[in-house]
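Enquirer: My questions all concern the structure below.
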Amino acid sequence: MNDISAPPPVIRLKPKADARRIRHGAPWVFADELVLDRRTRALAPGSVAVLEDNDRAPLGVVAVNPASRIVARILDRDPAARIGPDWLAARLERALGLRARLYDAPFYRLVHAEGDGMPGLVIDRFGDVAVMQPNAAWADLRAGEIAEALVAVTGVGVVVLNGTGRARVQEGLAEETRLLRGTVDGPVPVTMNGATYMADVTGGQKTGLFYDQRPNHAFAARLAGRARVLDLFSHVGGFALAALAGGAESALSVDSSAAALALAQEGAEAGGMAARFATRRGDAFDTLAALREEGANFDLVVADPPAFAPTRAALEKGLRAYERVAFMAAPLVAPGGFLVLCSCSHAAELAKFRAACLRGIGRAGRAAQLLHTGFAGPDHPQHPALAETGYLKALFFRRDG
């Protein structure tokens, strides 16, 4: 870690690199844009440096990882900024101020990486518990310091480091999960949209709960009155429990994870919904085929799969998978019912995702109205120059044939 009192090292753009892209807000600098001389390559992952253009004009303070494709991430546009406890506290206070305006209870995404000016760092808050994912080397190196600032700014008593996922592998970081502050006795109950969810903050997927779908859960709940609901790739009951809170007659959650379904069942019981809730463990595609063989249909069908297109290289394969979901799910929607199709793949931009879904619906011999397009909630602010921060799409269709 850099000595905050010492002048930071300097890294420089190549002569043909487009410095305007950085000046106009781009938060990442790639390996082919930088002069990667011996001195720059020797910088330890997570080091802080000043970025200059080819004319030695400063562009800002960056976090450096020579081992990553993204060698530099903009931390501060002020080249005189010093990345230490005061800087961390100021960024966290700014993030907390936004959430305090948005929500009346401390359950939300507190830091959304580049969208909140803390590149590669995700922090979800569950009341007195915060789960941080340091997916960039600078944040991983300063995990303890971030935890201290987090406790000081928010007053949380528990901080969990969840160091798992593809992003960490790409940064050359080890996978680990550990407690940085306090202890956790079990799943944390979270109330949203009238439902209670159980978040496994130490062993669950990602941070334990997906806050990004909150507004889409709410919209689905508006369609769920007296409905029979099928929630595919349900995780801990995301759409199903919200639909039950919205007055659904019944809900079936389908997921491949027994642990996730157990948490969904626990949430249904905590919310007094267990009599209307059921689970079915299995592969979503196999379950869709089985349900069709059984002659089942539903008034509201939701599919919220994992990222089928996590990278641009996987885009075409991912789009085919989204089309297949739509093709198999559409026939299970009763006349006049609703189909909700989601994507968390940033590489599958909205127009391509929508086209794939419509192909699948059409191949299934169905027609549909597109009622609503949903995105992540406002606790997931987008960086205007980084499409990756605006990854989530949810398409709400009504069967029209």
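The values are calculated or read from the model by the stated rules, or taken from the named source; none is laboratory data. Just so it is clear, the structure is predicted and the values come from calculations on it, not from any experiment. Cβ sites come from the backbone with ideal geometry, for glycine too, and all protein chains shown count toward neighbours.
Enquirer: For a quick check of your reading: which helices (runs of 4 or more DSSP H) sit entirely within the range 120-212 and have at least 2 residues that are in contact with a helix residue (DSSP H, G or I) (Cβ under 8 Å, 6 or more places away or on another chain) and either farther than 30 Å from Ala274 by Cβ or outside the structural domain of His383 (by TED's automatic domain parsing) (or both)?
Expert: 137-141, 143-154
Enquirer: Looking only at residues in the range 44-63 that are aliphatic (A, V, I, L, M) and surrounded by fewer than 18 Cβ atoms within 10 Å (Cβ to Cβ), which one is farthest from Arg77 (Cα to Cα)?
Expert: We begin by selecting, within the range 44-63, every residue aliphatic (A, V, I, L, M); these are 44, 48-51, 57, 59, 61-63.
Then keep just the ones that are surrounded by fewer than 18 Cβ atoms within 10 Å (Cβ to Cβ); that gives 44, 57.
Details: Ala44: 22, Ala57: 12 Å.
Result: Ala44.
Enquirer: Also, I was wondering about something else. On the given criteria, is Asp231 within 17 Å of Phe396 (Cα to Cα), acidic (Asp, Glu) and either buried (at least 24 other Cβ atoms within 10 Å of the Cβ) or touching a Ser or Thr at 6+ places or on another chain (Cβ under 7 Å) (or both)?
Expert: Taking the combined requirement at face value, the residue satisfies it.
Enquirer: To continue, here is another question. Considering only the range 258-279, how many residues are under 25 Å from the mean Cα position of the chain (by Cα), farther than 17 Å from Val190 by Cα and either crowded, with 16+ Cβ neighbours inside 10 Å or not assigned by TED's automatic domain parsing to the domain that holds Val302 (or both)?
Expert: So the answer is 1.
Enquirer: Read through the list (1) touching a Ser or Thr at 6+ places or on another chain (Cβ under 9 Å); (2) more than 27 Å from Ile74 (Cβ to Cβ), then give the number of the only condition that Ala326 fails.
Expert: (1)
Enquirer: Could I ask something else about it? What are the pairs with Cβ atoms under 9 angstrom where one residue, in the range 363-389, is within 18 Å of Arg21 (Cα to Cα) and the other, located anywhere, is hydroxyl-bearing (Ser, Thr, Tyr)? Sequence gap at least six, or different chains.
Expert: Between residues of the range 363-389 that are within 18 Å of Arg21 (Cα to Cα) and residues that are hydroxyl-bearing (Ser, Thr, Tyr), the close pairs are Gln382/Thr389; His383/Thr389.
Enquirer: Please enumerate the residues belonging to the range 359-392 that are hydroxyl-bearing (Ser, Thr, Tyr), closer than 21 Å to Ala218 by Cα and within 12 Å of the chain's Cα centre (by Cα).
Expert: Tyr391
Enquirer: In the range 257-355, which helices (runs of 4 or more DSSP H) lie fully inside it and hold 2 or more residues that are out of contact with any helix residue (DSSP H, G or I) (no Cβ under 6 Å at 6 or more places or on another chain), among the acidic types (Asp, Glu) and under 25 Å from Gly208 (Cβ atoms)?
Expert: 258-270
Enquirer: Ok, one more. Starting from the range 318-344, keep only residues that are under 8 Å from Arg399 (Cβ atoms), then list their pairs with residues that are assigned to a helix (DSSP H, G or I) whose Cβ atoms are within a distance under 7 Å, requiring at least 6 positions of separation or different chains.
Expert: Ala330/Gly360; Ala330/Ile361; Leu339/Ala329; Leu339/Ala330
Enquirer: Provide a single number: the residues in the range 162-187 that are crowded, with 22+ Cβ neighbours inside 10 Å and aliphatic (A, V, I, L, M).
Expert: Selection size over the range 162-187: 1.
Enquirer: Hey, another quick one. Would you be able to say whether some residue in the range 53-61 is at pLDDT 95 or above and within 19 Å of Pro134 (Cα to Cα)?
Expert: Within the range 53-61, one or more residues are at pLDDT 95 or above and within 19 Å of Pro134 (Cα to Cα).
Enquirer: Taking Glu176 as the residue in question, decide whether it is touching a Leu at 6+ places or on another chain (Cβ under 9 Å), at pLDDT below 95 and of a type in the set (Asp, Glu). Lay out the reasoning, then the answer.
Expert: Numbers: touching a Leu at 6+ places or on another chain (Cβ under 9 Å): yes; at pLDDT below 95: yes; of a type in the set (Asp, Glu): yes.
It is true that Glu176 is touching a Leu at 6+ places or on another chain (Cβ under 9 Å), at pLDDT below 95 and of a type in the set (Asp, Glu).
Enquirer: Would you point out which residue out of Tyr108, Tyr103 is in contact with an Asp or Glu (Cβ under 6 Å, 6 or more places away or on another chain) and either outside the structural domain of Arg214 (by TED's automatic domain parsing) or in contact (Cβ under 8 Å) with a residue 12 or more places away in the chain (or both)?
Expert: On the way: Tyr103 fails: in contact with an Asp or Glu (Cβ under 6 Å, 6 or more places away or on another chain).
Among Tyr108, Tyr103, only Tyr108 is in contact with an Asp or Glu (Cβ under 6 Å, 6 or more places away or on another chain) and either outside the structural domain of Arg214 (by TED's automatic domain parsing) or in contact (Cβ under 8 Å) with a residue 12 or more places away in the chain (or both).
Enquirer: Further question on the same structure: Going by the conditions given, is His235 at pLDDT 95 or above, at positive phi and under 17 Å from the mean Cα position of the chain (by Cα)?
Expert: So His235 passes the test.
Enquirer: Between Ala251, Ala278, Ala258, Ala220, which is out of contact with any Gly (no Cβ under 6 Å at 6 or more places or on another chain), closer than 27 Å to Phe308 by Cα and without any contact (Cβ under 8 Å) to a residue 24 or more places away in the chain?
Expert: Ala258
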